[in-house]
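The values are calculated or read from the model by the stated rules, or taken from the named source; none is laboratory data. If you're wondering where the values come from, they're calculated on a predicted model, not measured in any experiment. Using ideal geometry, Cβ is built from the backbone for each residue, glycine included, and neighbour counts are taken over all protein chains shown. Side chains included, ligands, DNA and RNA excluded: accessible areas come from the protein's heavy atoms. Shrake-Rupley method; radii C 1.70, N 1.55, O 1.52, S 1.80 Å.
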Amino acid sequence: MTTSVISDESAPAAPRPAPLLRVENLRTTIHTARGDLRAVDGVSLTLARGEMLGVVGESGSGKSVLGRTVMGLHRTGPTMTVSGLVEFDGQDVHAMSPRALRSMWGSDVGMVFQDPMTALNPVKRVGTHLTETLHAHRGLGRAAARGRAVELLDLVGIPDPARRITQYPHELSGGMRQRVVIAMALANDPKLLIADEPTTALDVTVQRQILDLLERLQRELGTAVILISHNLGVVAGRADRVAVMYGGRIAETAHAADLFVSPRHPYTEALLSAIPRLDDPPHARLRAIDGAPPDMVHPPAGCRFAPRCAYVHDDCTRELPVLASGRAGDESGHLAACFHPVANANRGER
Ligand SMILES: Nc1ncnc2c1ncn2[C@@H]1O[C@H](COP(=O)(O)OP(=O)(O)O)[C@@H](O)[C@H]1O
Ligand SMILES: [Mg+2]
């Protein structure tokens, strides 16, 4: 006798929407005079449409090389070897022709870097920067491009935009210049904005304004954002998800709230304790993590963080831990590359 199948059980699960960006086992090895430097050493991640991912880690951990490899700015050539997969909106970025890549940059993907002056030409007016990218990617005529340029400056919170477009970059403050760069990056409604230390060169008040702006644009325009920073505090309260990089690898990734409340990787825990706190006495010395980042030409055996880890065990120096949830049935996407994740009991007792 057979039992009939209950219809609910046979209903197929709703398919998950394809991510905007899929990175699998990405490696960028730079050929240096000292030997091969593993700047990015096996990174996998996904980014959903409209999502903000914060990528954090100390200087030299591979954040910028990761960002540039994802964009296809770093490709296999005489100075480096790239392997693994980068799929953007269904396209294999490293299989694209140089021409297709150029059309992707500045239209589907916008970029904002640390120093706005590197993106701005000192002898061109603010408006020209915007109208040129609008001509190039959209074929807008003069008047339409000018109208859109004013609109874009208004969008990024630049007062009196009709006057500003006639000015030169040096006539603007650092914060206003970075707003212009963000306007350029957004000119063609990109699906993804990569912001690499966009506020590191700015003072604290302006830094906050620019970060608020990025967050507002992500929400209002639905643009996915990768926000790269050496400062975990910069992505706190803004990113939907965070990936912590150490020695070219992702040490831990989770929804932002999970990462901040219950870090699993000792490196994340150390980074969190290095964020200045409101209850610190004034002029307290900034806490730093003891020890130096790994030499990625000769990385340490096993876990890259083992030589600096407060909880190091024997197995940590023998084998390289992979990113895993470590908890059966945990579907939260909270992953850590650690054999001995920080236990809840450890927290609050530093
Ligand atoms: N063009 C290059 N030539 C040699 N080494 C490089 C180059 N670019 C980056 N590196 C090295 O790659 C590693 C990662 O660098 P980077 O991605 O810039 O770090 P981060 O952005 O996290 O500070 C560092 O060790 C850096 O010195
Ligand atoms: Mg960098």
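Observations, loosely collected:
- Helical mean residue ellipticity (222 nm; -39500 (n - 2.57) per DSSP H run of 4+; nearest 500) of the chain: -8500 deg cm²/dmol
- Percentage of interatomic Cα-Cα distances in the chain larger than 39 Å: 21 percent
- Within the listed set Arg99, Arg208, Arg163, the Gaussian network model of the chain (springs between alpha-carbon atoms below 10 Å) gives the highest mean-square fluctuation for Arg99.
- A run of the chain free of exposed loop cleavage sites, with GluC sites (Glu not before Pro) counted only in DSSP states other than H, G, I, E and B and at most 13 other beta carbons within 10 Å, reaches its longest extent at 1-318.
- Net charge dipole, the range 136-273: roughly 480 debye, given to the nearest 20, about the Cα centre with Cβ charges of +1 for Lys and Arg and -1 for Asp and Glu.
- GNM result for the chain, Cα springs below 10 Å: residue of Pro159, Pro19, Pro169 fluctuating most strongly: Pro159
- Amide hydrogen proximity for Gly54: with H placed 1.01 Å from N in the peptide plane, the residues at 5 or more positions away or on another chain lying under 5 Å are Leu227, Asp240, Arg241, Val242, Ala243.
- Expressed to the nearest 5 percent, the antiparallel share of DSSP beta bridges inside the chain is 60 percent.
- Student exercise, the chain dipole from Lys, Arg, Asp, Glu Cβ charges, in Debye to nearest 20: 1120 debye
- Protein accessible area in the range 73-186, 1.4 Å probe - carbon and sulfur %: 53 percent
- Coarse-grained scattering of the range 118-189 at q = 0.21 Å⁻¹, given as base-10 log I(q)/I(0) from a Debye sum over alpha-carbon atoms: -0.79
- Comparing mean-square fluctuations of Pro122, Pro161, Pro190 from a GNM of the chain with C-alpha springs under 10 Å, the top value falls on Pro122.
- Sum of side-chain charges, Ala224 neighbourhood, beta-carbon under 9 Å (Lys, Arg +1; Asp, Glu -1): +1
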